[in-house]
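Step one of this worksheet: look at the structure below.
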Amino acid sequence: MHDTLILLVDDDPVFTQFSQNILSERGMKVVAAFNKAEGMELFEKHHPSCVILDIFLPDGSGVDLIKPLRTSGSSTPIIMVSGQSDVEEVVRAMRDGANDYIKKPFRGEELLLKIQMVLEATQTKWELAELKSKAQAEDEYRLLFSLSDRMSKVQAIVDQVL
């Protein structure tokens, strides 16, 4: 997970330091923000591999940051964290585009596993989208040249050149 940049948005300095230590030990780079405004600024500046976002921040709900992150066209995975059990906020976060949720306190291994899972899932989605795009282009190519005998002859010539 080297070259992985994590944006951590949480107002708890103890949690932030704990998370930074764990992630840094695994070779990840971490940038930290302590409120929504700072989080958005760092997101736009660094384009992180993953965002760890606290639900309750001093300037409002971290859930409110999900839509702006998503409308910027980003599919960066977002893991929500919270020390409070507010099921409604967790459900809203998942509905708005968060990829996962983890309740504080948690062990460092849990956080690392969640990050690995969302990064792998996101990579798989990108690869699938790329494969679908390639398959669609190949299907369109075949369809174009199968419309008539003349087009089939053109395809044979093109195939020889390629």
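The values are calculated or read from the model by the stated rules, or taken from the named source; none is laboratory data. Computed from a predicted model, the values in this text were never measured in an experiment. Glycine also receives a Cβ, built like all others from the backbone with ideal geometry; neighbour counts cover every protein chain displayed. With ligands, DNA and RNA removed, areas are computed over all heavy atoms of the protein, side chains included. Shrake-Rupley method; radii C 1.70, N 1.55, O 1.52, S 1.80 Å.
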Between a residue in the range 93-118 that is over 18 Å from S49 (Cα atoms) and charged (D, E, K, R) and any residue that is assigned to a helix (DSSP H, G or I) and open to solvent by less than 80 Å² (accessible area, probe 1.4 Å), which pairs come within a Cβ distance under 9 Å, given they are 6 or more apart or on different chains?
D96/V63; D96/D64; D96/I66; D96/R70; K103/V90; K104/F15; E109/I22
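Could you please find all residues in the range 85-112 being in a helix (DSSP H, G or I) and either modelled with pLDDT under 75 or surrounded by 14 or more Cβ atoms within 10 Å (Cβ to Cβ) (or both)? Spell out the reasoning first.
Here is the first cut: in the range 85-112, the ones in a helix (DSSP H, G or I) are 87-96, 108-112.
Listed by number, the residues that qualify are E89, V90, R92, A93, M94, D96, G108, L111, L112.
Residue by residue, here is whether (1) open to solvent by 70 Å² or more (accessible area, probe 1.4 Å); (2) without any contact (Cβ under 8 Å) to a residue 24 or more places away in the chain; (3) at positive phi; (4) assigned to a strand (DSSP E or B) holds:
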position: F18; (1), (2), (3), (4): yes, no, no, no
position: L23; (1), (2), (3), (4): no, no, no, no
position: V31; (1), (2), (3), (4): no, no, no, yes
position: G39; (1), (2), (3), (4): no, no, no, no
position: L42; (1), (2), (3), (4): no, no, no, no
position: K45; (1), (2), (3), (4): yes, yes, no, no
position: P48; (1), (2), (3), (4): no, no, no, no
position: I52; (1), (2), (3), (4): no, no, no, yes
position: L65; (1), (2), (3), (4): no, no, no, no
Flag for G27 being open to solvent by less than 60 Å² (accessible area, probe 1.4 Å), touching a Lys or Arg at 6+ places or on another chain (Cβ under 6 Å) and not hydrophobic (A, V, I, L, M, F, W, C)
no
May I ask you to list the residues in the range 70-84 that are more than 19 Å from D11 (Cα to Cα), part of a loop (DSSP other than H, G, I, E, B) and of a type in the set (S, T, N, Q)?
S72, S74, S75, T76
Yes or no: the range 80-97 includes at least one residue that is within 24 Å of D3 (Cα to Cα) and in contact with a Cys (Cβ under 8 Å, 6 or more places away or on another chain).
no
